[in-house]
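To start, the structure under review is shown below, and the notes come after it.
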Amino acid sequence: MTEAADIHLSYADLVALLQKIFVRNGVSERNAKILAENCASCERDGSLSHGIFRMAGYVSSLNSGWVDGKAVPEVEDVGPAFVRVDAKGGFTQPAMLAARPLLIEKVKQNGVAVLAIRRSHHFSALWPDVEPFAEEGFVALSVVNSMACVVPHGGKKAVFGTNPVAFASPRAGAAPFVFDQASSAIAHGDVQIAARAGHDLKPGMGVDREGQPTTDPKAILDGGALMPFGGHKGNSIALMVEILSAALTGGYFSGEFDWSGHKGAQTPFTGQFFIVIDPARGGNHVFAERVAGICDLVLEAGQERLPGDRRHVTRAKAEKNGIPLTAENHGKLKALAEG
Ligand code: NDP
Ligand code: PYC
C-alpha cells in the first residue's frame, strides 16, 4: 500500500540527496552518483521495495565494513564475446557500468556477448540494469543471486536467494518490454515492508522457523524462510540463477558468504550475470515490430497489462508532479545526509 505523500521531490533533487548520503557513508563520488541514480529511479517508478526504503540498509552495510563503497572494479577482456569483472567487494552497478563500453563493443562485433561480475553486492531492483540496453536497441537478460532465505521446493533449509531474473527487449512504438521478477514467491524487501506495515502475506509464500507454512511476515524474517514461486518450476529458475551468478562468475552462492563478523551487514555478496544480444543479427529487420505484435496479442487476448506498464505510469506521474515522499521518510533521508 502506498503511503500518502506530504512532499514531491524532482528526480534531480532526490538523486542529490541520496548521493550526499552515500558519500557521507564512505562511497566514492562516482559510485555514489551511480547508486543514487539507481535508487532514485526505483523510487520514481514505484519500485518501492528497492527505493529509498533501502537507504538505511545501504548505510548500515557500509558502516559495518562489509561492502567497499570506494571499490574500483577491474574489467577483464577474456574472449571475443566474454567480459569478466572483479567488483572487488563493491557494488555491482558501478562494476557493470565500468564494463559496459567493452561489452557493447563485443555485442556489436559478435552479435552477442556475456558479462560475468563477481565479488559484488547487489541491493536493488534488476530492471535498471537491463532497461538501458533495450533503449539502445539490444536484448538483455540478467540474473543476480542474493542471501539464503528461500527453501528449495520440498526442502527444509534455506539455500537460494530471492534470485531475480530481468529481461528487456526493444519494442516498436513503445517503451521496451521489460520484466523483472524474483524467483521466490515474494521479494524479501516486500516481506520487510509487510512486516513494518503489520500486513499478512498470501498463503504459500513462506514458512516459519519450524518449517511450518505461515502468512506472518515477521515469522518469515525471524528464522523462517520464503518459498520459490511456482513450486518445482520456480525452484529450477532459482537454481539456474545460482549457477549463472555464482558458479559461472566465481562469486559466492547465496548461502556461502559469511557476514556474521559484520554487524549490520545487509547487502548480499554474490555475483551477477548478463547476456546481451544484437537482435539485428537474427536477420529479421522487423524484430521490434514483431515484439510489439506479440505484446499487442497478449493484451487483446485479455491480459490486463504488460510487465513494466505500472512503472511507466508511475514514472510519468513523477515526471509531471515530482516523486512523492512522506514527510517522515524525507526527514529520515535528511537525517542520514546531515548526520
Ligand atoms: P513483482 O512480483 O512485483 O513483479 C514482477 C514482474 O511482474 C514485474 O516486471 C511487474 O511489472 C510484473 N507484473 C506485476 N503484476 C503484473 C500484472 N498484473 N500483469 C503483468 N505484469 C505484472 O516483483 P517481485 O516481487 O518478484 O520483485 C520485486 C523486485 O525485487 C524486483 O525489481 C527484483 O529485481 C527485486 N529483487 C532484487 C533482488 C536482489 O538480489 N537485488 C532479489 C529479489 C528481488 P511492474 O514492475 O510494471 O509491476
Ligand atoms: O528484495 O529479495 C529482495 C532483495 C534481496 C537483496 C536485495 N533485495
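The values are calculated or read from the model by the stated rules, or taken from the named source; none is laboratory data. Treat the numbers as computed from the prediction; the structure is a model and nothing was measured. We place every Cβ from the backbone using ideal geometry, glycine too, and count neighbours over all the protein chains shown. Ligands, DNA and RNA are excluded from the accessible area calculation, which covers all protein heavy atoms including side chains. Shrake-Rupley method; radii C 1.70, N 1.55, O 1.52, S 1.80 Å.
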- Message: Whether any residue in the range 220-239 is part of a loop (DSSP other than H, G, I, E, B), within 14 Å of ligand 1 (Cβ to nearest atom), of a type in the set (Phe, Trp, Tyr) and surrounded by 12 or more Cβ atoms within 10 Å (Cβ to Cβ) is what I want to check.
- Response: yes
- Task: Considering only the range 200-215, state which residues are touching a Leu at 6+ places or on another chain (Cβ under 9 Å), open to solvent by less than 40 Å² (accessible area, probe 1.4 Å) and in a loop (DSSP other than H, G, I, E, B).
- Result: MET205
- Give the residues of the range 20-43 that are among the small types (Gly, Ala, Ser) and open to solvent by 10 Å² or more (accessible area, probe 1.4 Å), sorted by residue number. GLY26, SER28, SER41
- Item | Scope the range 101-122; condition open to solvent by 40 Å² or more (accessible area, probe 1.4 Å) and within 18 Å of the chain's Cα centre (by Cα); matching residues | ARG118, ARG119
- Item | Residue identified as at pLDDT 95 or above, open to solvent by 30 Å² or more (accessible area, probe 1.4 Å) and within 14 Å of ligand 2 (Cβ to nearest atom) among ALA148, ALA166, ALA125, ALA81 | ALA148
- Message: Quick test for you: out of ALA113, ALA125, ALA87, pick the one residue that is touching a Cys at 6+ places or on another chain (Cβ under 6 Å) and assigned by TED's automatic domain parsing to the domain that holds MET240.
- Response: ALA125
- Of these, GLY51, GLY46, which one is under 14 Å from the mean Cα position of the chain (by Cα), open to solvent by less than 10 Å² (accessible area, probe 1.4 Å), at pLDDT 95 or above and within 16 Å of ligand 1 (Cβ to nearest atom)? GLY51
- Just one of the numbered conditions (1) at pLDDT below 95; (2) within 16 Å of ligand 2 (Cβ to nearest atom) is not true of GLY282; which one? (2)
- Note on the structure: Within the range 2-16, of all residues that are in contact (Cβ under 8 Å) with a residue 40 or more places away in the chain and surrounded by fewer than 12 Cβ atoms within 10 Å (Cβ to Cβ), the one nearest to the chain's Cα centre (by Cα) is THR2
- Task: Go through the range 151-163 and give me each residue that's at pLDDT below 95 and touching a Gly at 6+ places or on another chain (Cβ under 6 Å).
- Result: LYS156
- Please find, within the range 169-199, the residue that is surrounded by the fewest Cβ atoms within 10 Å (Cβ to Cβ) out of those that are within 15 Å of ligand 2 (Cβ to nearest atom) and assigned to a strand (DSSP E or B). GLN181
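Considering only the range 284-328, how many residues are open to solvent by less than 40 Å² (accessible area, probe 1.4 Å) and under 20 Å from LEU9 (Cα atoms)?
Within the range 284-328, residues that are open to solvent by less than 40 Å² (accessible area, probe 1.4 Å) and under 20 Å from LEU9 (Cα atoms) number 7.
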- Screening ARG311, ARG305, ARG281, ARG315 for residues that are over 24 Å from the mean Cα position of the chain (by Cα) and of a type in the set (D, E, K, R) leaves only ARG281
- Message: Just to be sure I understand, how many residues within the range 47-78 are away from ligand 2 (no atom under 15 Å from the Cβ) and assigned to a loop (DSSP other than H, G, I, E, B)?
- Response: 8
